[in-house]
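Step one of this worksheet: look at the structure below.
The values are calculated or read from the model by the stated rules, or taken from the named source; none is laboratory data. Note that this is a predicted model, so its numbers are computed, not measured. Heads up, the Cβs are rebuilt from the backbone with ideal geometry, glycines too, and the neighbour counts pull from every protein chain shown. Protein only, heavy atoms only, side chains kept; ligands, DNA and RNA dropped before computing areas. Shrake-Rupley method; radii C 1.70, N 1.55, O 1.52, S 1.80 Å.
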Amino acid sequence: MATFHIFRFDPTKDKTIRFDRFEVPDKKGLTVLDGLYYILENLDGSLAFRSSCRAGVCGSCAMHINGQYRLSCTTSVKPLGKNVTIRPLAHLPVLKDLVVDLTNFFRHYEKIKPYLITNDQPPKKEFIQQPAQRKKIESLIDCILCGACYGSCPVAAGEPNYLGPHALLKAARFIFDSRDTNDRERINLINHNLGVFRCHTIFNCQQVCPKKIDPSEAIARMKMKTVWSKLRGFFGS
Amino acid sequence: MHKCNVLVVGGGLAGLQAAIDAKEAGMDVIVISKLHPIRSHSGAAQGGVNASLANNPAGKDDNAERHAFDTIKGSDYLADQDAVEIMTAAAPGLIYQLEHWGCPFSRSEDGRIAQRPFGGAGFPRTCFGADKTGHYILQTLYEQVVKNNIQILSEWMVVSLIVDEGVCHGVVALDMQTGRLETIEAQAIIMATGGGGRMYGRSSNAFTSTGLGMALAYWAGAPLKDMEFVQFHPTTIIGKNILMTEGCRGEGGHLVNKNKERFMQKYAPSKMELAPRDIVSRSIQTEINEGRGFSDPVSGGFVHLDIRHLGSAKIKERLPGVRDICLDFLGLDPIDEPIPIQPGQHYTMGGIDTNKDAATEVKGLYAAGECACVSVHGANRLGGNSLLETLVFGRRAGQSAAKYVAGLSDRIFTKNTLADAHKRQEFRLNKLCRQSGTKNPYQIRDELNLTLDDKVGIYRTEADMKKALTKVKKLKQQFEKIKPAGTDTRLNYNLIWILELEGNLDVAEVLVKGALARQESRGSHSRLDFTKRDDGNWLKHTIGKSSKEGAVLSYRPAKITKYQPQERKY
Ligand SMILES: Cc1cc2nc3c(=O)[nH]c(=O)nc-3n(C[C@H](O)[C@H](O)[C@H](O)COP(=O)(O)OP(=O)(O)OC[C@H]3O[C@@H](n4cnc5c(N)ncnc54)[C@H](O)[C@@H]3O)c2cc1C
Ligand code: FES
């Protein structure tokens with residue numbers, strides 16, 4: 001048996017939050033998501049949580065589990081011990097239990113113009129991109145927008161308008177893509193005190209990312225690039 | 001109330017492509033999706049998407065016609081050949097477009113899109129981004145949706161299509177976050193709700209890949225086609241049945257039984273592990289049934305997928321996602337150990353009956369992607385062809401719907417139609433939330449899963465399928481007496497799963513009836529009591545229409561253009 005302690009809150013009904021306790025029987029390979037389904041199907045049909053792929057690729061199921069933001073579907077219960085404590089992602093309004101409102105999260109994403117911009121007329125076939133050029137965006141493109149980094153970021157906690165590691169990572173994915181020709185505008189979109197310079201390199205995002213991406217490294221690379229482009233502007237090249 | 005010209009139901013690849021094209025044609029478009037589009041199951045596609053770019057030196061003679069031939073042969077000649085030709089001809093253009101939109105395909109040394117071999121294909125034709133192709137394409141299309149300012153209603157679940165005198169006018173949907181039923185009026189509706197894999201238990205599909213989308217169209221009077229053709233993927237990990245892409249074998253992986261034999265030698269000596277999926281799945285199942293597999297007390301029989309000889313560098317570069325899945329869910333590293341795999345339900349070849357313009361029998365109602373059946377996959381889909389189908393027919397659906405709307409003169413229904421539909425759904429939801437039943441819905445789901453796994457799986461017999469049909473009918477009766485979902489409809493996942501179940505039960509009935517009726521073996525439909533393909537009697541599509549007495553079947557011949565059916569040998 002594992003004991004799940006789950007954050008419960010319904011803003012339309014509840015005045016305060018509470019933690020409910022559920023006993024979940026052990027099973028070989030039991031994941032936290034399996035446990036949540038066991039509870040929904042057998043113990044409390046009102047429990048709210050998101051999930052879909054159960055394979056760590058859709059990004060639905062990020063939550064705070066025993067002290068860390070992770071995907072519930074790829075987290076095994078066994079190494080967590082007898083007690084599993086689950087809270088929703090932080091810094092976003094709770095809609096019900098483990099389901100948060102991601103409106104603001106996606107609004108930030110939209111602000112950085114999350115699509116390739118090229119001034120060049122596209123060729124008849126594909127743009128040529130050397131393997132070495134593609135390597136520059138390799139890990140940046142794997143983000144599943146699960147929100148684990150955002151939930152763990154103390155800067156996002158204090159400033160809801162901070163773009164956040166997920167949106168900045170997305171910006172990096174275009175800035176370092178050999179096909180994108182829009183550097184100047186892109187840099188303007190992140191070169192402000194709610195953008196790259198708000199990041200205090202606390203590295204939480206790097207630690208929690210279930211896809212092993214390092215947004216802080218990408219942000220550092222972009223800071224360098226913004227500084228360079230300013231200098232270039234200054235010397236008028 | 002929301003209103004638009006074209007309403008797209010589903011935010012996966014087919015839905016987003018359709019939305020982009022309808023918008024491009026000047027339509028006012030809304031995408032409605034029970035999941036945020038980025039969470040759609042398309043994002044789980046691993047191996048790649050087919051197009052005869054001829055980038056790989058070994059594929060320099062490839063072209064759309066050869067792609068068409070491989071697809072038709074792979075389909076065991078049930079695909080409509082004119083539709084296949086449309087698809088393979090459009091493929092390169094759509095791949096280039098994705099690339100121009102920024103899709104990060106893997107590259108070959110010369111900087112062009114890399115292509116890998118896939119099952120049943122004569123040339124390395126599958127374009128890929130590592131083993132995360134679906135994720136990259138889905139991100140790319142979503143980016144274009146943002147760029148084009150297309151409105152999205154996210155976490156809205158469609159529960160009914162509004163049809164009046166054979167014309168579709170909109171949908172009733174549950175806004176999951178508010179718990180309210182909403183009506184959306186639209187001049188054309190495009191279904192892009194994905195596959196129904198979760199009718200089965202052992203499935204590579206997401207939990208949300210249910211038959212509900214197909215059921216919505218079926219209830220609205222659009223027939224379902226070829227539902228008996230269900231693809232079992234040869235390689236899903238034991239336990240959770242998460243997919244190990246065909247790319248594992250495309251890159252050179254082996255299938256090995258407990259005697260350390262590469263058993264595909266016996267079944268497909270020339271193509272070996274890269275024979276089409278139906279053949280490889282049957283081969284694995286035969287090895288297991290005849291005692292040459294391994295066995296696990298909970299997960300059942302399995303064999304090994306061995307990629308160790310590819311070496312650490314190649315595995316990390318080309319199959320990093322596969323490796324993560326093995327580490328996360330099996331606790332083993334495929335660099336050091338073989339992967340325990342078994343066949344699992346993977347793809348719904350059948351679906352909402354459409355023509356090659358993605359139109360259904362109901363006016364104003366279109367369908368594309370896995371929920372639809374054009375048919376380009378016939379009795380067996382080739383790997384890498386379904387991502388392609390979502391793009392090609394997503395686009396055609398968007399364009400056809402736009403053309404239809406542009407040609408409409410005036411509104412042809414009264415407001416009452418919408419209000420009545422809304423009232424009916426209110427009544428239905430109220431019943432599901434408050435009735436005094438006692439039957440556990442999850443038990444009904446589990447029994448349905450088990451029935452299809454055991455009795456309508458890789459090998460089928462009349463006796464088994466008769467039992468399955470009786471069971472499905474019984475489960476449908478039990479559904480009438482389920483324990484209610486609780487009265488608060490806000491983020492009520494219990495209610496959501498009950499709605500999914502209702503769709504699954506009706507679609508499963510069409511599936512089992514179609515399978516029982518088809519007295520031959522073709523592609524994925526493999527009968528122990530009718531072991532041969534029978535072109536004289538069965539070179540035709542099954543059409544399942546809803547009636548008061550349940551599904552009623554009829555048939556329509558498959559379209560042949562220039563490829564006469566031959567024996568399928570690999
Ligand atoms: C693990 C895996 C790997 C695969 N790999 C490959 C591959 O390498 N190559 C290949 O060609 N194919 C592959 N396939 C198949 C391919 O990925 C799918 O067929 C394809 O992505 C389906 O896309 P779709 O747009 O039709 O549906 P989906 O992507 O499933 O999208 C369905 C959408 O409909 C919405 N929806 C459903 N019901 C409702 C409702 N009632 N109301 C509102 N919205 C609703 C959902 O929210 C979702 O947005 C793979 C499949 C799986 C399972
Ligand atoms: S359910 Fe998809 S990432 Fe966990």
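What single numbered condition from (1) over 27 Å from B:PRO269 (Cα atoms); (2) touching a strand residue (DSSP E or B) at 6+ places or on another chain (Cβ under 6 Å) fails to hold for B:SER526? The failed condition is (1). Taken residue by residue, the range A:88-95 has no member that is more than 16 Å from ligand 1 (Cβ to nearest atom), open to solvent by less than 20 Å² (accessible area, probe 1.4 Å), more than 8 Å from chain B (Cβ to nearest Cβ) and without any contact (Cβ under 8 Å) to a residue 40 or more places away in the chain.
Within the range B:464-517, the set of residues being among the acidic types (Asp, Glu) and more than 14 Å from chain A (Cβ to nearest Cβ) comprises B:ASP464, B:GLU480, B:GLU502, B:ASP506, B:GLU509.
Being within 14 Å of chain A (Cβ to nearest Cβ), open to solvent by less than 10 Å² (accessible area, probe 1.4 Å) and under 29 Å from B:VAL230 (Cα atoms) holds for only one residue in B:ALA68, B:ALA91, and it is B:ALA91. Among the residues that make up the range B:388-401, is at least one of them touching a residue at least 60 places away in the same chain (Cβ under 8 Å) and assigned by TED's automatic domain parsing to the domain that holds B:GLU549? No, there is no match, as no residue in the range B:388-401 is touching a residue at least 60 places away in the same chain (Cβ under 8 Å) and assigned by TED's automatic domain parsing to the domain that holds B:GLU549. Considering B:LYS73, B:LYS23, B:LYS3, the condition of being in a strand (DSSP E or B), among the basic types (Lys, Arg) and more than 16 Å from ligand 2 (Cβ to nearest atom) is satisfied by B:LYS3 alone. Take A:ASP26 and decide whether it is under 23 Å from the mean Cα position of the chain (by Cα), among the acidic types (Asp, Glu) and not assigned by TED's automatic domain parsing to the domain that holds A:PRO210. When the stated conditions are applied, A:ASP26 does not pass them. In the range B:94-106, the residue that is most open to solvent (accessible area, probe 1.4 Å) out of those that are facing another protein chain (nearest Cβ under 8 Å) and assigned to a loop (DSSP other than H, G, I, E, B) is B:TRP101.
Taken over the range B:42-64, residues that are in contact with a helix residue (DSSP H, G or I) (Cβ under 8 Å, 6 or more places away or on another chain) and assigned to a helix (DSSP H, G or I) amount to 4. Just to be sure, is B:THR183 among the hydroxyl-bearing types (Ser, Thr, Tyr) and part of a loop (DSSP other than H, G, I, E, B)? So B:THR183 does not fit the description; no.
Screening A:ILE137 against (1) more than 23 Å from A:ASP20 (Cα to Cα); (2) crowded, with 22+ Cβ neighbours inside 10 Å; (3) within 16 Å of ligand 1 (Cβ to nearest atom) leaves a single unmet condition, (3). When you scan the range A:55-66, do you find a residue that is on the phi < 0 side of the Ramachandran plot, in contact with a Leu (Cβ under 8 Å, 6 or more places away or on another chain) and more than 13 Å from ligand 2 (Cβ to nearest atom), even just one? Looking through the range A:55-66, at least one residue is on the phi < 0 side of the Ramachandran plot, in contact with a Leu (Cβ under 8 Å, 6 or more places away or on another chain) and more than 13 Å from ligand 2 (Cβ to nearest atom). Can you find a residue that is facing chain A (nearest Cβ under 10 Å) and among the β-branched types (Val, Ile, Thr) anywhere in the range B:30-43? So far as the range B:30-43 goes, yes, one or more of its residues are facing chain A (nearest Cβ under 10 Å) and among the β-branched types (Val, Ile, Thr). Somewhere in the range B:229-241, is a residue out of contact with any helix residue (DSSP H, G or I) (no Cβ under 8 Å at 6 or more places or on another chain), away from ligand 2 (no atom under 16 Å from the Cβ) and away from chain A (no Cβ under 12 Å)? There is at least one residue in the range B:229-241 that is out of contact with any helix residue (DSSP H, G or I) (no Cβ under 8 Å at 6 or more places or on another chain), away from ligand 2 (no atom under 16 Å from the Cβ) and away from chain A (no Cβ under 12 Å). Of all residue pairs spaced 6 or more apart or on separate chains, those with beta-carbon atoms under 8 Å, a first member in the range B:190-208 that is within 13 Å of chain A (Cβ to nearest Cβ) and a second member that is within 16 Å of ligand 2 (Cβ to nearest atom) and acidic (Asp, Glu) are B:ARG198/B:GLU500; B:THR208/B:GLU500.
Please verify whether B:ASP175 is on the phi > 0 side of the Ramachandran plot, touching a strand residue (DSSP E or B) at 6+ places or on another chain (Cβ under 6 Å) and not assigned by TED's automatic domain parsing to the domain that holds B:HIS541, treating the condition exactly as stated. Step through it out loud before you land on a result.
Details: on the phi > 0 side of the Ramachandran plot: no; touching a strand residue (DSSP E or B) at 6+ places or on another chain (Cβ under 6 Å): yes; not assigned by TED's automatic domain parsing to the domain that holds B:HIS541: yes.
No.
Of the residues screened, B:LEU475 is not one that is crowded, with 20+ Cβ neighbours inside 10 Å and within 23 Å of the chain's Cα centre (by Cα). Restricting to the range B:194-211, and then to whatever is in a helix (DSSP H, G or I) and open to solvent by less than 10 Å² (accessible area, probe 1.4 Å), can you tell me which residue is nearest to ligand 2 (Cβ to nearest atom)? So the residue we want is B:GLY197. Residue count for the range A:13-54 satisfying the condition of being within 7 Å of chain B (Cβ to nearest Cβ), open to solvent by less than 10 Å² (accessible area, probe 1.4 Å) and more than 16 Å from ligand 1 (Cβ to nearest atom): 2. Being over 19 Å from the mean Cα position of the chain (by Cα), open to solvent by 10 Å² or more (accessible area, probe 1.4 Å) and near ligand 1 (Cβ under 9 Å from one of its atoms) is a description that applies to B:TRP156.
Evaluate the range B:20-29: report whether one residue or more is under 13 Å from B:TYR136 (Cα atoms), more than 14 Å from every other protein chain (Cβ to nearest Cβ), open to solvent by less than 20 Å² (accessible area, probe 1.4 Å) and at pLDDT 95 or above. Within the range B:20-29, not a single residue is under 13 Å from B:TYR136 (Cα atoms), more than 14 Å from every other protein chain (Cβ to nearest Cβ), open to solvent by less than 20 Å² (accessible area, probe 1.4 Å) and at pLDDT 95 or above. Taking the residues in the range B:289-298 that are small (Gly, Ala, Ser) and open to solvent by 20 Å² or more (accessible area, probe 1.4 Å) as candidates, determine which candidate is nearest to B:THR236 (Cα to Cα). Taking the candidates together, the pick is B:SER295.
Here the condition is being open to solvent by 30 Å² or more (accessible area, probe 1.4 Å), within 16 Å of ligand 1 (Cβ to nearest atom) and either among the hydroxyl-bearing types (Ser, Thr, Tyr) or at the interface with chain B (Cβ under 9 Å from one of its Cβ atoms) (or both); of A:VAL99, A:VAL57, it holds for A:VAL57 alone.
For every residue, the table says whether it meets (1) assigned to a helix (DSSP H, G or I); (2) within 14 Å of chain B (Cβ to nearest Cβ).
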position: A:SER178; (1), (2): no, yes
position: A:HIS192; (1), (2): no, no
position: A:GLN207; (1), (2): yes, no
position: A:ILE219; (1), (2): yes, no
position: A:LYS230; (1), (2): yes, no
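Quick check, is B:VAL84 away from chain A (no Cβ under 12 Å), modelled with pLDDT of 95 or more, within 16 Å of ligand 1 (Cβ to nearest atom) and not in a helix (DSSP H, G or I)? Considered against the rule, which asks whether it is away from chain A (no Cβ under 12 Å), modelled with pLDDT of 95 or more, within 16 Å of ligand 1 (Cβ to nearest atom) and not in a helix (DSSP H, G or I), B:VAL84 comes out as no.
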